[in-house]
Amino acid sequence: MDTPPPSEFSELQKPLEHFRAKTKRLKIHPAELLLLWVIGVHIVYLPWAIGGMRPWSQIISLILAAVGFVIALIPRRYTEEQTGSNSFRLVMAPRLLRFPIFWIGLLLLGYITMQGLNPAWSYFQSDRGWWMQPIDYIKWLPAGVRAPWEYWLADPLLISNRSTMSVKLNGSGDA
């Protein structure tokens, strides 16, 4: 295939000028850029860490989620270069409190916490195998299981759900 000479490129590209924006591209706020990097690292890290099934990977994921959440909640001052109009200060905490998914996630974390604090079964192991044995619990509260960390009980479940909730809220623009 023959390539047209450079002088013909400008003629070929003239129809594309119709689609190009005439406005100046706005700068992204440094805190938002940092937040995007933290969320990106977190999302790339999770599959690399074997899906977050090991305690060390869940703790690192929780730390990344907490850092992202804190960055998202830091008040930001936008300049005219970043908005294209008047400068203003953005405080995200009030918006977070009005965001229904935040409250739904908080209810889920509270439910999982109650299960972890109110076990109805306990894990036992001997040289002949393992078994679950019923234990006393508060019957009108959600019940859980007392077992080692590796068996995906309340603690790892809380960490993974906090981490997921934080990434979703940070990426939604409402937190």
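Every read-out reported here was derived from the displayed coordinates using simple, explicitly stated rules and does not represent laboratory data. A quick note: this is a predicted structure, and the numbers were derived from the prediction, not measured.
Descriptive notes on the structure:
- Here the Kirkwood formula puts the hydrodynamic radius of segment 102-154 at 12.1 Å, using every distinct Cα pair.
- Computed 3J(HN,Hα) for segment 71-84, one whole-Hz value per residue from the Karplus formula 6.51 cos²θ - 1.76 cosθ + 1.60 where θ = phi - 60°, is 4, 5, 8, 5, x, 10, 10, 8, 9, 5, 5, 8, 10, x, glycine and proline marked x.
- Summarising the strand pairing of segment 48-154, around 75 percent of its internal DSSP beta bridges are antiparallel.
- Difference of contour (0.36 nm per residue) and Cα-Cα distance, S85 to W131: 10.0 nm
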